[in-house]
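To start, the structure itself, in C-alpha cells.
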C-alpha cells in the first residue's frame, strides 16, 4: 500500500552548510510548495543563498519565489546567490529574467562554488 507521499513533491526548507544559512530547494517547486514555504518561513528569515541542486522542475510560482527571494538582499546592496543550479533549469531562469542570479564561471555544478568570482575575460 502506498504511503500517499509523492517522492517528486517539492520543498523549500531553511538549512545551513559550511558557509552559513541557505535555503534548500528540492523536487518540483510549484504553487503549493511556495505557499507552504511562505506560511512557514517569514521573509525576515530568508537567507541570501539558495541551493537548487535537488530541484527537478520549477513552475511560474517557483520562479516568482526566486524573484521575491532576490529582492531582500538587493535592498541591502547584495544579491541572491543560487548554488548548484541544474543545467536543465537554467533556460527557464533565463526566460524569466533571472539569468543575473545564475552562478558564473562554472559554479553551477558545485554548491561550494564561489558565484561572486568574476567570470574570465
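Read the figures in this text as sums done on the coordinates, not as results from a lab. Please read all numbers here as calculations on a predicted model, not as lab measurements. Cβ placement follows ideal geometry from the backbone for every residue including glycine, while neighbour counts extend to all protein chains displayed.
Here, P(r) means the percent of Cα pairs in each 5 Å bin from 0 to the largest distance; for segment 11-109 it is 3, 13, 26, 30, 20, 7, 1. Spin-label pair residue 61-residue 32: with each label point 7 Å from Cα along the Cα-Cβ axis, the two points sit 0.9 nm from one another.
Highest-first packing order for the peptide set 57-63, 36-42, 97-103, 22-28 is 22-28, 57-63, 97-103, 36-42, based on the mean count of other beta carbon atoms within 10 Å. Once every Cα of segment 16-65 carries one equal point scatterer and solvent is ignored, give the base-10 log of I(q)/I(0) from the Debye formula at q = 0.14, 0.21 Å⁻¹, two decimals. Taken in order of the listed q values, log10 I(q)/I(0) reads -0.34, -0.77.
Taking other C-beta atoms within 10 Å as the exposure proxy, 69, 82 rank 69, 82 from fewest upward.
On full extension, the segment bounded by residue 76 and residue 18 gains 18.6 nm, given 0.36 nm per residue less the C-alpha separation.
Applying 1/(1 + (r/R0)^6) with r as the Cβ-Cβ distance of residue 45 and residue 92 and R0 = 30 angstrom yields a FRET efficiency of 0.70.
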